[in-house]
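Reading through the structure tokens given below for one structure.
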Amino acid sequence: MDRKARSAGLRSAIVTRRFQNLHALKRCRVRRDAMADMNRREFGRSGIAGLAGIAFGGDPERFGDAERSGDPERVALHAQSTDGRAYRYVHLDVFTDRRLQGNQLFVFVQPGGLDTDAMQTMTRESNLSENTFVFPPEQPGTDHRVRIFTRTAETPFAGHPTIGTAFALAHTGALKPGLSHTTFGLGVGPTNVDLEWKDGRLAFAWMTQLKPTFGKAIADSRALAAAIGVEALDPRAPAQEVNCGSNFFIVPLTTRKAVDAAVIDRAKLDAVFSAAGVQRRGIYIFSTERGQDDATAYSRLLGTGGTEDPGTGSAAGPAGCFMARHGYVPPERAGAIVILQGVLVRRPSRIHVRIAMTGAEITGVKVGGAAAIVGEGTMAP
């Protein structure tokens with residue numbers, strides 16, 4: 001082949017190669033843009049930060065607040081991933097210091113402009129047990145108005161949403177390091193939350209619950225045991241309704257194995273409640289049998305429908321009051337109760353309860369715990 005032909009062939013090969021490279025680059029850009037869109041949909045304003053914080057084991061705290069970071073790339077990412085119709089949320093796991101354990105929560109930190117229907121729809125979309133929406137205070141003596149929604153309705157009071165909201169506000173800088181307490185305006189009224197900090201980060205939060213109201217007890221322990229699928233109840237005290245802001249039926253069992261084995265027979269349970277004149281409500285079962293952990297009690301919440309709740313702060317207060325009143329914990333230990341919940345559903349929660357007593361009278365109830373930041377995002381209603 002002469003030199004001219006070889007030169008022509010070389011030029012043709014170069015053009016072909018350039019075309020292939022350009023085509024490959026175009027495909028790469030399409031994949032990149034698709035991945036960016038997916039990241040924005042999945043992680044909201046966190047984008048790649050969310051992937052770094054979750055998929056690669058990084059610390060989402062480092063990606064938590066673009067405005068505070070001063071990093072122009074993160075600020076730009078925030079601007080690109082948020083529009084006027086998107087609302088920022090912080091995703092937390094509550095009653096644990098480890099991600100992917102405890103009870104999940106979305107906290108919408110700037111929900112201005114959302115109406116009740118939109119908040120309900122967004123909570124249903126999240127598919128979590130509850131979401132909170134934080135507004136400026138409405139009542140004197142409160143710092144934030146916090147509205148709590150389940151997937152089906154707004155609720156005036158709940159435990160892990162209150163604790164988790166405190167951690168979300170600390171994460172965004174709305175609660176300053178060293179602040180000893182804040183007061184949320186919940187549907188049930190002003191609710192004090194005590195704050196404990198470590199190395200500039202919120203480490204623990206305690207919510208004050210109402211002093212307990214003890215309601216009706218069920219004397220027919222055999223019928224109740226059959227209704228929840230266990231052989232027998234703990235005989236030291238009858239199962240009883242207790243309210244520290246929300247009503248729960250507290251049922252003591254003898255062993256952790258029995259707690260794990262419990263399954264509700266709704267027809268039998270309805271008959272037991274009807275015979276006792278008790279309104280049907282969530283059943284919180286517990287055992288004080290000791291395990292390898294240091295928990296005071298091992299528990300589950302039954303009868304709520306759908307996915308089992310892994311950590312129920314609004315039930316932990318009543319359960320702690322029940323234990324203190326009926327001698328399941330000695331008076332000197334009533335201020336240091338630890339309830340382990342969620343083990344069976346592989347989302348263990350450690351819920352701390354402080355019961356203040358004067359003699360036999362319960363004078364104060366606090367429920368507390370830690371929370372882990374899982375990620376952030378935005379949602380458009």
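The values are calculated or read from the model by the stated rules, or taken from the named source; none is laboratory data. Keep in mind that what you see is a predicted model, and the values were worked out from it rather than measured. For neighbour counting, all protein chains shown are included, and Cβ atoms are generated from backbone atoms with ideal geometry for every residue, glycine included.
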May I ask you to verify whether Ala271 is in a helix (DSSP H, G or I), within 30 Å of the chain's Cα centre (by Cα) and among the hydrophobic types (A, V, I, L, M, F, W, C)?
no
Check whether at least one residue in the range 216-230 is within 27 Å of Ala370 (Cβ to Cβ) and surrounded by 21 or more Cβ atoms within 10 Å (Cβ to Cβ), and report yes or no.
no
I need the full set of residues from the range 135-159 which are without any contact (Cβ under 8 Å) to a residue 40 or more places away in the chain, surrounded by fewer than 23 Cβ atoms within 10 Å (Cβ to Cβ) and in contact with a Pro (Cβ under 7 Å, 6 or more places away or on another chain), in order please.
Phe135
Taking the conditions exactly as written (surrounded by 23 or more Cβ atoms within 10 Å (Cβ to Cβ) and in a strand (DSSP E or B)), does Val338 satisfy them or not?
no
Has the range 267-275 got at least one residue that is among the basic types (Lys, Arg) and either free of Cβ contacts under 8 Å to residues at least 12 places away in the same chain or out of contact with any helix residue (DSSP H, G or I) (no Cβ under 7 Å at 6 or more places or on another chain) (or both)?
no
Single unsatisfied condition, Pro381 versus (1) modelled with pLDDT of 95 or more; (2) surrounded by fewer than 23 Cβ atoms within 10 Å (Cβ to Cβ); (3) within 28 Å of Gln110 (Cα to Cα)
(1)
Residue check: is Ile337 within 27 Å of Leu92 (Cβ to Cβ), of a type in the set (Val, Ile, Thr) and in contact with a Phe, Trp or Tyr (Cβ under 6 Å, 6 or more places away or on another chain)?
no
